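Working notes, structure below.
The values are calculated or read from the model by the stated rules, or taken from the named source; none is laboratory data. Source: prediction; values computed, not measured. Here the Cβ positions follow ideal geometry from the backbone for every residue, glycine too, while neighbour counts run over all protein chains shown.
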Amino acid sequence: MLQAFEEKDVGNTRGVSAFPGHRLAPQRIPEPKIEGRRRFRTIWISDVHLGTKGCNAELLIDFLDHTDSETMYLVGDIIDGWRLKKRLYWPATHNDIVWRALKRAKRGTRIVYVPGNHDEMFRQFAGMNFGGVEIERAAVHQTADGRRLLVMHGDEFDAVMLAHRWLAFLGDAAYTLLMGLNRWVNAVRNRLGLPYWSLSKMAKHKVKNAVGFISQYEELVARAAAQRGVDGVVCGHIHTAEIREFDGVEYYNDGDWVEGCTALVEHFDGRMEILHWPEEIARREAEEAAAAAASMPAAA
Ligand SMILES: [Mn+2]
């Protein structure tokens, strides 16, 4: 893996491989011009899950082709190593995303890759630089207005959240099932002369916790960042883009490219924003349609 990555010239088609025994195929979809792209000071993306069918590769390629930045953080779960080990799913679009990242690095974008739990095989290379991509276990980003943000994937908190995690997967169906079970349990208890025991009350409490799971996670991450003396934290992992504040500590989550298709960006004045890319595409296409209509000669 190391040797393959040491091929630094990414401008040719010899290829760079992320996996031993697999060579990176040539780029298929050509990149459009750099001019006219929306420029940001910093871009954060995570949870791309390349190597899985869930990855919205076309949307991410559109995002990469319409933006540029001084620094780009890849905040983990970029390549899904868990799935790749089982079966190699690697379409041309996924390959093109790797090409785009390497080309950005070559053009001068500082790229920092903070691996997550699905691409933890890259964590062993923390501190190294592959073709201009710096690999770090975590990073501290300084914004244009001087704030210090801890950048980490966020699975580090799973052990703490484990007790609550299964609840996140409990939906209404499970709740309804529990309600039915509650009636049955109490019918039996009643026949045995036992007092009413509210399973529903307990379940209601637990499901309420499930709804609050994301909020609890966000607060936990923010508090951990506060303990490290930074002004805020940028993470991914839970596939939920968000900008929040907990007791003066900023919490940023850049979302994912499986469902939401979002990126976190820092403007040149330090202002932070979440870009919901499907909405950005819709806006762009509406503007293009309006411009096309405006340039049409008026009907006689
Ligand atoms: Mn993750």
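Tabulated values for the structure
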{"quantity": "Check on Asp68, at pLDDT 95 or above, surrounded by fewer than 20 Cβ atoms within 10 Å (Cβ to Cβ), in contact with a helix residue (DSSP H, G or I) (Cβ under 7 Å, 6 or more places away or on another chain) and under 30 Å from Gln142 (Cα atoms)", "calculated": "no"}
{"quantity": "Residues of segment 246-291 satisfying the condition of being acidic (Asp, Glu) and closer than 21 Å to Ser215 by Cα", "calculated": "Asp247, Glu250, Asp254, Asp256, Glu259, Glu273"}
{"quantity": "Verdict on Arg107 being at pLDDT 90 or above and either surrounded by 14 or more Cβ atoms within 10 Å (Cβ to Cβ) or touching a Phe, Trp or Tyr at 6+ places or on another chain (Cβ under 6 Å) (or both)", "calculated": "no"}
{"quantity": "Candidates Gly76, Gly54, Gly146, filtered to the one that is within 16 Å of the ligand (Cβ to nearest atom), over 24 Å from Pro30 (Cβ atoms), in a loop (DSSP other than H, G, I, E, B) and at pLDDT 95 or above", "calculated": "Gly76"}
{"quantity": "Arg137, sole failed condition from (1) within 16 Å of the ligand (Cβ to nearest atom); (2) at pLDDT 95 or above; (3) assigned to a helix (DSSP H, G or I)", "calculated": "(3)"}
{"quantity": "Residue in segment 52-69 that is without any contact (Cβ under 8 Å) to a residue 12 or more places away in the chain and basic (Lys, Arg) present", "calculated": "no"}
